Every structure is written in structure tokens, then in C-alpha cells.
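Trainee: Questions regarding the structure given below will be posed in turn.
Nothing in this text is a laboratory measurement; each read-out follows from the coordinates by a stated rule. What you are looking at is a predicted structure, and each value in this text was computed from that prediction instead of being measured. A quick note on method: Cβ atoms are made from the backbone with ideal geometry, for glycine too, and the neighbour counts reach across all protein chains shown.
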Amino acid sequence: MTGPSEPSNEELFEANANACGTDKSRYHGYHRFYPLFLAQLNQKEAFTIVEVGYGNGESLLLWRQLFPQAFIVCLDRDVSESGDDYTVIKVDQSDAIALEEAMQAIPQPVHLIIDDGSHHPGHQLSTFSIFFKELLQPKGIYIIEDIETSYWLCGELYGYTMRYGLFNRWSAVEALKLAVDQLNRKFLSSEDRNLLEYSMMLSGLSPESTSLISMMTFAQNCVIINKIIDQDVDYLEGAYPYANFTARQA
Ligand SMILES: C[S@@+](CC[C@H](N)C(=O)[O-])C[C@H]1O[C@@H](n2cnc3c(N)ncnc32)[C@H](O)[C@@H]1O
């Protein structure tokens, strides 16, 4: 129980976000979801937070307030600078090779990645496909913000045209729905698994990365994705006693 003098984690996130000037609470209301997932980071000593999208540095201030023990790495197409507890690497998230190179300069362990960059669905999927597998620690948290662009029929942002809409097969939301099926792959026939992996690859989402998801939460305008730890593997891949119920009939 928290008394009036002791703000909840949600209230703390909201107050800090508004004071720092980021739109994460004021516009998006992310304080309703994030603290539930971020609480585990309070127990950690030194670690790295990676955020794609620097803007004017408002969310950098927020992460610094919430996690003073963390080193913060921002990636942005337009900015390069650094200070004692942060660095901003100039990189275009649409360039997979540049992302791979930037990763080499990011200190481990990385326990939190936020994609608040271009908001282009294709970039959201390709960035996730690389960073979730190669950069994030087990049990780490990956947040994709501003998935609203998946619903845009005719939008424009940061010079990118976004033509997607409900059920558009190239949208990030549609691709991430496939990751829900991938999370439940143990219950699929081998033919359906192959079909699923093929569909994911077509949509620009790497099955190798989605196979490392232990839990995913869809909330308003964001997806919060948790990475597996060793003990998840048996649950995800172990024998399924009802396998004959899921086999395709000849
Ligand atoms: C919404 S702002 C980030 C806001 C910041 N995270 C905050 O909450 O205060 C998005 C940023 O993404 C950057 N951006 C746009 N397209 C990008 C791309 N292709 N690669 C990397 N950064 C990009 C923009 O320069 C802009 O600074």
C-alpha cells in the first residue's frame, strides 16, 4: 500500500516524464504500462539503456532520473554527442549494416531498449530483428513505441511516407501478431510452423528473433516484449502431449 506521501511507480514515471518534457506520459500515457515492467531494473546496478530517437534529449533526462545507475545510449539519424553518463550515436535505423556497426560501441549489459525513432513500421521490425537477438540481455525489455503508424492510410513523418491501415500485411502490428503465434509454436503442426516462419520473413520480422520472446504485451500505441531466459526454453520447445491433436490429417 502506498500512502499520500509515497507516490506510486506510475505517478513517479508520469511526474518525471512531464518534468523532463518528453511526450511519453502527457500525450501517450505510457506511465500506465511501463512501470509494471521497469520495476525489475531498480534491483540492477550498472547497466545500459538504449533508445532509438533522441529528439531534444527529453527522454534521456527521464531515464537518467529513473535509473541513475544506468548508462544511456541514444541512436539518432541527426545527432552525435556524449557526456559522462550517455552517448548519442549518429545512425540511421533504416540501415541494418549501420545498426550492426553501432552495436559494437554499446556497452553491455543492455537490459532495456526503446524504439522511439522514425516510427516507420519497416524500421520498427528490422531494428527489432537485429537488436532483440543480438543486443538485449536475457529477461531484457524491448519497447516499440508509436505503433499508430501501422494504422495510417496516408501519413508522413521524418520524410517517410506511411501507407498502411488495418490488416495491412506490411504493418508492424500485423507482423507482431504473427509473433504471438510464434510464441505458441509448440502447439502448431510442423507444416504450420513452416508457414508461420515464411509469413514472418515476408513481413520483415526475423523468426530467429521472435523465437526468443517469452512474453509480449500489446498496449495502446506500444508493444512491450520480454526476452527469454534459459528456463523458458523447455516450455517453448519441449514435448507437447497433445501433438497428435495438432497434426494435419492426411
Ligand atoms: C519522437 S523523436 C524522439 C523523442 C525522444 N525519444 C523523447 O521521448 O524525448 C524521434 C527521433 O527519431 C529520429 N529519427 C527519425 N528517423 C530516424 C531514422 N531513420 N533513424 C534514426 N533516427 C531517426 C529523429 O531525428 C528524432 O530525433
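Trainee: Over the chain, with a single point scatterer placed on each C-alpha, what log10 of the ratio I(q)/I(0) does the Debye formula yield at q = 0.07, 0.08, 0.10, 0.13 1/Å?
Mentor: -0.25, -0.33, -0.51, -0.84
Trainee: Relative to a virtual label point 7 Å from the Cα of Leu36 in the Cα→beta-carbon direction, which members of the range 215-238 show backbone nitrogen distances below 19 Å?
Mentor: So the set is 215-228.
Trainee: Can you give the Rg and Dmax of the range 1-93 based on its C-alpha atoms, in angstrom?
Mentor: 13.9, 45
Trainee: Using 0.36 nm per residue of separation minus the Cα-Cα distance, give me the extension gain between Ala243 and Lys44 in nm, one decimal. Don't jump to the answer; show the numbers that get you there.
Mentor: Values: separation 199, 0.36 × 199 = 71.64 nm, distance 4.02 nm.
Stretched out fully, the Ala243 to Lys44 stretch lengthens by 67.6 nm.
Trainee: Continuing with the same structure: When DSSP assigns beta bridges and you keep just the ones with both residues in the chain, what percent turn out antiparallel, to the nearest 5? Numbers along the way, then the final one.
Mentor: Details: 17 of 38 bridges.
Restricted to the chain, the bridges split so that about 45 percent are antiparallel.
Trainee: Identify the trypsin sites (Lys or Arg not before Pro) of the range 193-250 meeting these criteria: DSSP loop state and at most 10 other C-beta atoms within 10 Å of the C-beta. Spell out each step's value before the answer.
Mentor: Values: sites: Arg193, Lys227, Arg248; in loops: Arg248.
Hits after loop and neighbour filter: Arg248.
Trainee: Further question on the same structure: Under a 5 Å amide H to amide H cut-off, with H placed in plane at 1.01 Å, what residues pair with Leu75 once short-range neighbours are removed?
Mentor: Excluding prolines and chain starts, which carry no amide H, the hits are Glu51, Val52, Gly53, Ile89.
Trainee: Which of the chymotrypsin sites (Phe, Trp or Tyr not before Pro) found in the range 186-250 are loop residues per DSSP with 12 or fewer other Cβ atoms within 10 Å of their Cβ?
Mentor: On the way: sites: Phe187, Tyr198, Phe218, Tyr235, Tyr242, Phe245; in loops: Tyr242.
The qualifying sites are Tyr242.
Trainee: Which one of Asn194, Leu112, Thr149 is farthest out on the positive end of the charge dipole of the range 64-211, using unit charges on Cβ (Lys, Arg +1; Asp, Glu -1) and the Cα centre as origin?
Mentor: Asn194
Trainee: In whole Hz, with x marking every Gly and Pro, tabulate ³J(HN,Hα) for the range 163-175 from phi via Karplus 6.51 cos²θ - 1.76 cosθ + 1.60, θ = phi - 60°.
Mentor: 10, 10, x, 3, 6, 5, 5, 9, 6, 5, 5, 4, 5
Trainee: Highest GNM mean-square fluctuation, the chain, Cα pairs closer than 10 Å: which of Asn226, Asn194, Asn16?
Mentor: For the chain, modelled as a Gaussian network with Cα springs under 10 Å, the answer is Asn194.
Trainee: Let me spell out the model: positive unit charges on the Cβ of Lys and Arg, negative unit charges on the Cβ of Asp and Glu, origin at the Cα centre of the range 80-198. What dipole size does that give, in debye rounded to 20?
Mentor: On the way: 9 positive and 19 negative charges, 118 e Å.
In debye, rounded to 20, the range 80-198 gives about 560.
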